[in-house]
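Just so you know, all these numbers are worked out from the coordinates, no wet-lab data involved. Fair warning: this is a prediction, and the values are worked out from it, not measured in the lab.
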Amino acid sequence: MKRVIAAVSLTIAGLAFLLGFKTRDTIPAIATDTTQPTSGAADTTTTSPTATTTTGATTGAVEVDGPTVQTQYGPVQVAVVVTDGVLVDVVALQLPSGDRHNESINAYAEPQLEEMALEAQSADIDVVSSATFTSLAYAESLQAALDEAGM
């Protein structure tokens, strides 16, 4: 009799756990660009970079926005600041968003991608694990911005 009570109690607990399980909520993204590639790493769409020259009193700083690169998870765009031929800053202007999973990956990958770019002084950076598409698109936008900045 004790075994039956234990089995029924465990079954009820397991059932309560399964019924209370919540799946990942998705937050609908507000799309400004409705053209999304269907799949694959090679499916990227880019727009042209925009250059802004900022001249300071002591340095020749150039700020360039790289092109927006579309991935299957969303757009990626970076901006660079080059001072006297040295890459001094990389800022992610757009990263895939719309759900908690993408936000989590971005929080993990973006600082690593920025650090690698500043260390390498180029777009020759490694792919961040679990952020392959974002990493490849980041490098593509970064390379175009560096080309536009003359590096």
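Annotations for the structure displayed:
- Considering only Cα atoms, the convex hull volume of region 50-149 works out to 86 Å³ per residue.
- In order along region 62-79, the Karplus-derived 3J(HN,Hα) couplings, from 6.51 cos²θ - 1.76 cosθ + 1.60 at θ = phi - 60°, round to 10, 10, 10, 8, x, x, 7, 10, 7, 10, 5, 9, x, x, 10, 8, 10, 10 Hz, and Gly and Pro are given as x.
- Extension gain, ASP84-SER129: 0.36 nm per intervening residue step, less the Cα-Cα distance, totals 12.9 nm.
- Remark on THR71: its backbone amide H falls under 5 Å from those of VAL76, a criterion applied only to residues 5 or more positions apart or on other chains, H modelled at 1.01 Å from N.
- Rg [Å, one decimal], Dmax [Å, integer] - region 76-124, C-alpha atoms: 12.0, 39
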